[in-house]
Amino acid sequence: MTPIRHYALGTLIAALTAALPLASQAADAWPSKPIQVVVPAGAGGDTDFNARTMARYFEKMTGTTMIVTNMNGGGGTMAMNKVQTAQPDGNTMLFGHIGFLIVNEVSGLIDYKFDDKLAISSIPAVDKSVVLVAGKESGLKTVGDVVSKSKAAEGSVIYGTEFGGFSHLQGLMFQKAAGITMKFVDVGSASDKITSLLGGRIGLASISYGAVQDYQKTGDMAMVAQYSSTPNPLLGDIKTFDEQGIKLDMTKPYVIAFPKGTDPAIVKKMSDIMEKITQDPGYAKALEDGFKQPVTFYPTDAAVQKLNEIRTDLMQYKDLLRQR
(Lines give C-alpha, C1' and ligand atoms only; values in the text may rest on other atoms or scores of the structure.)
Protein backbone atom coordinates (compact mmCIF):
# COMPACT_ATOMS: atom_id res chain seq x y z
CA MET A 1 0.00 0.00 0.00
CA THR A 2 1.44 3.40 -0.95
CA PRO A 3 1.69 6.18 1.69
CA ILE A 4 -0.99 8.19 -0.17
CA ARG A 5 -3.49 5.31 -0.10
CA HIS A 6 -2.63 4.59 3.53
CA TYR A 7 -3.32 8.22 4.40
CA ALA A 8 -6.63 8.20 2.54
CA LEU A 9 -7.75 5.02 4.26
CA GLY A 10 -6.72 6.35 7.63
CA THR A 11 -8.65 9.57 7.03
CA LEU A 12 -11.78 7.59 6.07
CA ILE A 13 -11.57 5.39 9.16
CA ALA A 14 -11.08 8.44 11.38
CA ALA A 15 -14.10 10.16 9.83
CA LEU A 16 -16.32 7.11 10.29
CA THR A 17 -15.13 6.63 13.86
CA ALA A 18 -15.86 10.27 14.66
CA ALA A 19 -19.37 9.93 13.22
CA LEU A 20 -20.31 6.99 15.45
CA PRO A 21 -20.53 8.97 18.69
CA LEU A 22 -22.67 11.59 16.94
CA ALA A 23 -25.15 8.94 15.79
CA SER A 24 -25.18 7.45 19.28
CA GLN A 25 -25.74 10.88 20.83
CA ALA A 26 -28.67 11.53 18.46
CA ALA A 27 -30.29 8.24 19.47
CA ASP A 28 -29.63 8.90 23.16
CA ALA A 29 -31.34 12.29 22.88
CA TRP A 30 -34.33 10.93 20.96
CA PRO A 31 -37.15 11.71 21.43
CA SER A 32 -36.44 15.37 22.03
CA LYS A 33 -39.48 16.97 20.37
CA PRO A 34 -43.05 16.03 19.38
CA ILE A 35 -43.26 13.14 16.90
CA GLN A 36 -45.72 13.12 14.04
CA VAL A 37 -47.45 9.75 13.70
CA VAL A 38 -48.97 9.40 10.25
CA VAL A 39 -51.92 6.98 10.10
CA PRO A 40 -53.11 5.89 6.63
CA ALA A 41 -56.72 5.57 7.82
CA GLY A 42 -59.53 7.77 9.06
CA ALA A 43 -60.27 8.62 12.68
CA GLY A 44 -62.27 6.18 14.79
CA GLY A 45 -61.26 2.87 13.21
CA ASP A 46 -59.06 0.09 14.55
CA THR A 47 -55.80 1.47 13.09
CA ASP A 48 -56.47 4.94 14.48
CA PHE A 49 -57.40 3.42 17.84
CA ASN A 50 -54.16 1.44 18.05
CA ALA A 51 -52.06 4.43 16.99
CA ARG A 52 -53.65 6.77 19.55
CA THR A 53 -53.42 4.18 22.32
CA MET A 54 -49.73 3.71 21.54
CA ALA A 55 -49.23 7.50 21.47
CA ARG A 56 -50.87 7.95 24.86
CA TYR A 57 -48.63 5.40 26.53
CA PHE A 58 -45.55 6.64 24.66
CA GLU A 59 -46.10 10.08 26.16
CA LYS A 60 -46.66 8.54 29.59
CA MET A 61 -43.35 6.67 29.32
CA THR A 62 -41.13 9.27 27.64
CA GLY A 63 -42.77 12.60 28.38
CA THR A 64 -42.78 13.36 24.64
CA THR A 65 -45.96 14.09 22.74
CA MET A 66 -47.01 12.19 19.64
CA ILE A 67 -49.21 14.07 17.17
CA VAL A 68 -51.44 11.63 15.28
CA THR A 69 -52.26 12.72 11.73
CA ASN A 70 -54.92 10.79 9.80
CA MET A 71 -54.42 10.54 6.01
CA ASN A 72 -56.78 8.04 4.38
CA GLY A 73 -56.55 9.03 0.73
CA GLY A 74 -55.36 6.86 -2.13
CA GLY A 75 -55.73 3.58 -0.26
CA GLY A 76 -53.03 4.67 2.16
CA THR A 77 -50.51 5.68 -0.51
CA MET A 78 -50.67 9.38 0.42
CA ALA A 79 -49.71 8.63 4.02
CA MET A 80 -46.99 6.21 2.94
CA ASN A 81 -45.51 8.83 0.60
CA LYS A 82 -45.58 11.49 3.32
CA VAL A 83 -43.50 9.29 5.62
CA GLN A 84 -41.19 7.97 2.91
CA THR A 85 -40.24 11.50 1.81
CA ALA A 86 -39.92 12.97 5.32
CA GLN A 87 -36.57 13.82 6.88
CA PRO A 88 -35.11 10.59 8.39
CA ASP A 89 -34.57 12.26 11.77
CA GLY A 90 -36.91 10.08 13.83
CA ASN A 91 -39.55 12.79 14.11
CA THR A 92 -41.96 11.33 11.52
CA MET A 93 -43.35 7.83 11.93
CA LEU A 94 -45.84 5.60 10.13
CA PHE A 95 -48.41 3.59 12.05
CA GLY A 96 -50.22 1.34 9.60
CA HIS A 97 -50.94 -2.31 8.98
CA ILE A 98 -50.11 -4.95 6.39
CA GLY A 99 -53.01 -3.86 4.23
CA PHE A 100 -51.11 -0.69 3.39
CA LEU A 101 -47.60 -2.15 3.44
CA ILE A 102 -48.14 -5.52 1.77
CA VAL A 103 -51.66 -5.96 0.38
CA ASN A 104 -51.30 -2.73 -1.63
CA GLU A 105 -48.28 -4.30 -3.34
CA VAL A 106 -50.14 -7.55 -3.93
CA SER A 107 -53.05 -5.63 -5.47
CA GLY A 108 -50.75 -3.54 -7.68
CA LEU A 109 -51.57 -0.24 -6.00
CA ILE A 110 -47.87 0.20 -5.23
CA ASP A 111 -44.90 -1.32 -7.04
CA TYR A 112 -42.33 -1.65 -4.27
CA LYS A 113 -41.62 -3.88 -1.28
CA PHE A 114 -42.50 -2.62 2.21
CA ASP A 115 -38.88 -2.14 3.34
CA ASP A 116 -37.59 -0.53 0.14
CA LYS A 117 -38.58 2.91 1.39
CA LEU A 118 -39.26 2.35 5.09
CA ALA A 119 -37.22 1.32 8.11
CA ILE A 120 -39.38 -1.15 10.04
CA SER A 121 -39.22 -0.64 13.80
CA SER A 122 -41.66 -3.21 15.19
CA ILE A 123 -45.01 -4.91 15.00
CA PRO A 124 -46.58 -3.23 18.04
CA ALA A 125 -49.86 -5.15 17.91
CA VAL A 126 -51.78 -7.73 15.90
CA ASP A 127 -55.51 -7.43 15.33
CA LYS A 128 -56.82 -10.90 16.16
CA SER A 129 -60.36 -9.66 16.49
CA VAL A 130 -61.42 -9.57 12.83
CA VAL A 131 -64.48 -11.72 12.25
CA LEU A 132 -66.58 -12.78 9.30
CA VAL A 133 -69.95 -11.17 10.01
CA ALA A 134 -73.35 -12.02 8.55
CA GLY A 135 -76.36 -9.73 8.44
CA LYS A 136 -79.61 -10.98 9.97
CA GLU A 137 -81.48 -11.04 6.66
CA SER A 138 -78.90 -13.38 5.10
CA GLY A 139 -79.84 -16.19 7.48
CA LEU A 140 -76.17 -17.20 7.66
CA LYS A 141 -74.68 -18.18 10.99
CA THR A 142 -71.82 -20.60 10.34
CA VAL A 143 -69.15 -21.29 7.75
CA GLY A 144 -71.16 -24.37 6.76
CA ASP A 145 -74.17 -22.14 6.04
CA VAL A 146 -72.10 -19.95 3.73
CA VAL A 147 -70.63 -22.92 1.89
CA SER A 148 -74.00 -24.66 1.46
CA LYS A 149 -75.77 -21.54 0.18
CA SER A 150 -72.93 -20.66 -2.19
CA LYS A 151 -72.78 -24.16 -3.68
CA ALA A 152 -76.54 -24.32 -4.06
CA ALA A 153 -76.56 -21.07 -6.05
CA GLU A 154 -73.24 -19.64 -7.18
CA GLY A 155 -72.92 -15.94 -6.33
CA SER A 156 -75.96 -15.96 -4.03
CA VAL A 157 -73.84 -14.86 -1.06
CA ILE A 158 -72.89 -11.19 -1.35
CA TYR A 159 -69.62 -10.20 0.31
CA GLY A 160 -69.10 -6.48 0.98
CA THR A 161 -65.58 -5.10 0.89
CA GLU A 162 -63.23 -2.40 -0.38
CA PHE A 163 -61.78 -3.63 -3.67
CA GLY A 164 -58.04 -4.13 -3.53
CA GLY A 165 -57.94 -3.82 0.26
CA PHE A 166 -57.30 -6.10 3.20
CA SER A 167 -60.88 -7.33 3.61
CA HIS A 168 -61.06 -8.05 -0.13
CA LEU A 169 -58.10 -10.40 0.25
CA GLN A 170 -59.71 -12.01 3.31
CA GLY A 171 -62.82 -12.79 1.28
CA LEU A 172 -60.83 -14.17 -1.63
CA MET A 173 -58.78 -16.40 0.67
CA PHE A 174 -61.94 -17.73 2.32
CA GLN A 175 -63.58 -18.32 -1.06
CA LYS A 176 -60.54 -20.22 -2.35
CA ALA A 177 -60.14 -22.28 0.83
CA ALA A 178 -63.84 -23.22 0.84
CA GLY A 179 -64.06 -23.90 -2.89
CA ILE A 180 -67.00 -21.54 -3.39
CA THR A 181 -67.87 -18.48 -5.47
CA MET A 182 -69.31 -15.42 -3.75
CA LYS A 183 -70.42 -12.14 -5.27
CA PHE A 184 -68.04 -9.34 -4.27
CA VAL A 185 -69.30 -5.75 -4.08
CA ASP A 186 -67.37 -2.61 -3.21
CA VAL A 187 -69.22 -0.91 -0.35
CA GLY A 188 -66.48 1.09 1.39
CA SER A 189 -65.18 1.36 4.94
CA ALA A 190 -66.12 -0.62 8.05
CA SER A 191 -68.94 1.79 8.89
CA ASP A 192 -70.30 1.43 5.34
CA LYS A 193 -70.15 -2.36 5.63
CA ILE A 194 -72.12 -2.22 8.88
CA THR A 195 -74.79 -0.04 7.28
CA SER A 196 -75.02 -2.39 4.30
CA LEU A 197 -75.28 -5.46 6.55
CA LEU A 198 -78.04 -3.89 8.62
CA GLY A 199 -79.89 -2.86 5.44
CA GLY A 200 -79.61 -6.33 3.92
CA ARG A 201 -77.70 -5.06 0.87
CA ILE A 202 -74.86 -7.50 1.57
CA GLY A 203 -74.78 -10.80 3.41
CA LEU A 204 -71.20 -10.96 4.66
CA ALA A 205 -68.29 -8.69 5.58
CA SER A 206 -65.02 -8.90 7.47
CA ILE A 207 -64.90 -6.41 10.36
CA SER A 208 -63.12 -6.03 13.70
CA TYR A 209 -65.34 -7.50 16.40
CA GLY A 210 -65.26 -4.37 18.55
CA ALA A 211 -67.19 -2.49 15.88
CA VAL A 212 -70.01 -5.06 15.63
CA GLN A 213 -70.23 -6.70 19.06
CA ASP A 214 -73.36 -4.74 20.01
CA TYR A 215 -75.17 -6.03 16.92
CA GLN A 216 -74.41 -9.59 17.98
CA LYS A 217 -76.15 -8.88 21.28
CA THR A 218 -79.24 -7.46 19.55
CA GLY A 219 -79.36 -10.34 17.06
CA ASP A 220 -78.92 -8.05 14.04
CA MET A 221 -75.70 -9.80 13.09
CA ALA A 222 -74.20 -13.26 13.47
CA MET A 223 -70.49 -13.85 14.03
CA VAL A 224 -69.69 -16.55 11.47
CA ALA A 225 -65.99 -17.09 12.24
CA GLN A 226 -62.83 -15.46 13.55
CA TYR A 227 -59.85 -15.21 11.23
CA SER A 228 -57.15 -16.11 13.74
CA SER A 229 -56.23 -19.81 13.56
CA THR A 230 -55.53 -19.67 17.29
CA PRO A 231 -58.78 -18.75 19.06
CA ASN A 232 -58.81 -15.28 20.56
CA PRO A 233 -60.26 -15.87 24.06
CA LEU A 234 -61.53 -12.27 24.15
CA LEU A 235 -64.06 -13.17 21.44
CA GLY A 236 -65.94 -15.65 23.57
CA ASP A 237 -67.38 -18.67 21.78
CA ILE A 238 -66.93 -17.44 18.19
CA LYS A 239 -65.35 -20.36 16.35
CA THR A 240 -62.33 -20.04 14.06
CA PHE A 241 -62.41 -21.11 10.43
CA ASP A 242 -60.10 -23.98 11.37
CA GLU A 243 -62.61 -25.19 13.96
CA GLN A 244 -65.27 -25.23 11.23
CA GLY A 245 -63.26 -27.25 8.74
CA ILE A 246 -61.65 -24.46 6.67
CA LYS A 247 -57.92 -23.88 7.11
CA LEU A 248 -57.52 -20.10 7.17
CA ASP A 249 -55.46 -17.63 9.20
CA MET A 250 -55.70 -13.96 8.22
CA THR A 251 -54.85 -11.75 11.17
CA LYS A 252 -53.74 -8.13 10.75
CA PRO A 253 -50.38 -7.02 12.19
CA TYR A 254 -49.88 -3.29 12.71
CA VAL A 255 -46.50 -1.80 11.85
CA ILE A 256 -44.38 1.08 13.14
CA ALA A 257 -41.92 2.38 10.55
CA PHE A 258 -39.68 5.38 9.87
CA PRO A 259 -38.36 6.86 6.61
CA LYS A 260 -35.54 4.82 5.08
CA GLY A 261 -32.21 6.14 6.32
CA THR A 262 -33.35 6.82 9.87
CA ASP A 263 -30.61 6.06 12.41
CA PRO A 264 -30.96 2.32 13.22
CA ALA A 265 -30.39 3.16 16.88
CA ILE A 266 -33.54 5.33 16.86
CA VAL A 267 -35.48 2.61 15.03
CA LYS A 268 -34.44 0.10 17.69
CA LYS A 269 -35.07 2.53 20.55
CA MET A 270 -38.67 2.96 19.39
CA SER A 271 -39.01 -0.82 19.32
CA ASP A 272 -37.64 -1.05 22.88
CA ILE A 273 -40.05 1.64 24.10
CA MET A 274 -42.97 -0.11 22.40
CA GLU A 275 -42.03 -3.39 24.06
CA LYS A 276 -42.15 -1.69 27.47
CA ILE A 277 -45.54 -0.20 26.59
CA THR A 278 -46.92 -3.66 25.86
CA GLN A 279 -45.91 -4.70 29.39
CA ASP A 280 -48.12 -2.01 30.94
CA PRO A 281 -51.35 -3.61 32.30
CA GLY A 282 -53.24 -0.43 31.45
CA TYR A 283 -52.27 -0.76 27.80
CA ALA A 284 -53.45 -4.37 27.70
CA LYS A 285 -56.76 -3.34 29.27
CA ALA A 286 -57.19 -0.55 26.70
CA LEU A 287 -56.74 -2.99 23.80
CA GLU A 288 -59.17 -5.45 25.33
CA ASP A 289 -61.82 -2.82 25.99
CA GLY A 290 -61.40 -1.14 22.62
CA PHE A 291 -61.27 -3.97 20.09
CA LYS A 292 -61.05 -7.25 22.05
CA GLN A 293 -57.42 -7.38 21.02
CA PRO A 294 -54.82 -9.38 22.98
CA VAL A 295 -51.32 -7.92 23.41
CA THR A 296 -48.86 -9.08 20.75
CA PHE A 297 -45.39 -7.68 19.96
CA TYR A 298 -42.53 -8.36 17.52
CA PRO A 299 -39.22 -6.44 17.89
CA THR A 300 -37.38 -5.10 14.83
CA ASP A 301 -35.71 -8.21 13.40
CA ALA A 302 -38.62 -10.52 14.21
CA ALA A 303 -41.05 -7.98 12.73
CA VAL A 304 -39.17 -7.84 9.43
CA GLN A 305 -39.04 -11.63 9.31
CA LYS A 306 -42.77 -11.90 10.03
CA LEU A 307 -43.65 -9.33 7.37
CA ASN A 308 -41.54 -11.15 4.79
CA GLU A 309 -43.32 -14.41 5.63
CA ILE A 310 -46.72 -12.73 5.24
CA ARG A 311 -45.68 -11.13 1.95
CA THR A 312 -44.54 -14.48 0.54
CA ASP A 313 -47.83 -16.10 1.56
CA LEU A 314 -50.05 -13.33 0.18
CA MET A 315 -48.25 -12.97 -3.14
CA GLN A 316 -49.82 -16.23 -4.29
CA TYR A 317 -53.16 -14.36 -4.40
CA LYS A 318 -51.81 -11.56 -6.61
CA ASP A 319 -53.75 -12.51 -9.74
CA LEU A 320 -56.98 -13.06 -7.82
CA LEU A 321 -56.77 -9.71 -6.02
CA ARG A 322 -56.08 -7.81 -9.22
CA GLN A 323 -59.21 -9.18 -10.88
CA ARG A 324 -62.16 -6.81 -10.85
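The values are calculated or read from the model by the stated rules, or taken from the named source; none is laboratory data. In this text the structure is predicted, and so the values were computed from the model without any measurement. Cβ atoms come from the backbone with ideal geometry, glycine included; neighbour counts cover every protein chain shown. Calculation scope for accessible area: heavy atoms of the full protein, side chains included, ligands and nucleic acids excluded. Shrake-Rupley method; radii C 1.70, N 1.55, O 1.52, S 1.80 Å.
Points worth noting:
- Extent along the principal axes, Cα only, for the stretch 33-122: 40, 28, 20 Å, with the longest axis given first.
- Environment charge at Gln36 (Cβ cut-off 12 Å; Lys +1, Arg +1, Asp -1, Glu -1): +1
- Entry comment: accessible area of the stretch 162-275 is 38 Å² per residue, from protein heavy atoms only and a probe of 1.4 Å.
- A helix-only calculation puts the chain at -13000 deg cm²/dmol for mean residue ellipticity at 222 nm, using -39500 (n - 2.57) for each DSSP H run of at least four residues, averaged over all residues.
- For the pair Asp186 and Asp111 in one chain, pulling the backbone fully straight at 0.36 nm per residue adds 24.7 nm over the alpha carbon distance.
- Beta bridges by DSSP in the chain, antiparallel share as percent, to the nearest 5: 60 percent
- Per-residue SASA entry for His168, accessible area with 1.4 Å probe, Å² rounded to 10: 10 Å²
- Shape summary of the stretch 206-319, radius of gyration then Dmax from alpha carbon positions: 17.0, 52 Å.
- Its Cα centre serving as origin, the chain has a Cβ charge dipole (Lys and Arg +1, Asp and Glu -1) of approximately 280 debye.
- Percentage relative contact order, the stretch 19-167, counting C-alpha pairs under 8 Å, at least six apart: 22 percent
- 5 angstrom amide H check on Asp127, placed H, neighbours 5+ away: Lys252, Tyr254
- Residue-count net charge about Asp220 - beta-carbon cut-off 10 Å; Lys, Arg +1, Asp, Glu -1: 0
- Among Ile194, Ala211, Tyr159 the positive-end extreme of the charge dipole of the stretch 150-280 (Cβ point charges): Tyr159
- Here the convex hull built on the C-alpha positions of the chain has a volume of 143 cubic angstrom per residue.
- GNM top mover of Asn104, Asn91, Asn81 - the chain, alpha-carbon springs below 10 Å: Asn81
- Here the accessible area of the chain is 53 percent carbon and sulfur, with a 1.4 angstrom probe and all protein chains present.
- Lys/Arg +1, Asp/Glu -1 at C-beta; the chain dipole; positive extreme among Gly290, Ala119, Ile67: Ala119
- Near the amide H of Ala86, within less than 5 Å, lie no amide hydrogens of residues on another chain or at least 5 residues away, with H placed in the peptide plane.
- Built from the Cα atoms of the stretch 91-156, the convex hull projects on average onto 7.4 nm², one quarter of its surface area.
- Tail weight of P(r) past 22 Å, computed on alpha-carbon pairs of the stretch 95-218, percent: 39 percent
- Between the amide H of His97 and those of Val255, distances stay under 5 Å, these residues lying 5 or more places away or on another chain, with hydrogens modeled in the peptide plane.
- Springs join every pair of Cα atoms under 10 Å in this Gaussian network model of the chain, and among Met223, Met80, Met71 the largest mean-square fluctuation is at Met71.
- log10 of Debye I(q)/I(0), alpha-carbon scatterers only, for the stretch 259-324 at 0.14 Å⁻¹: -0.66
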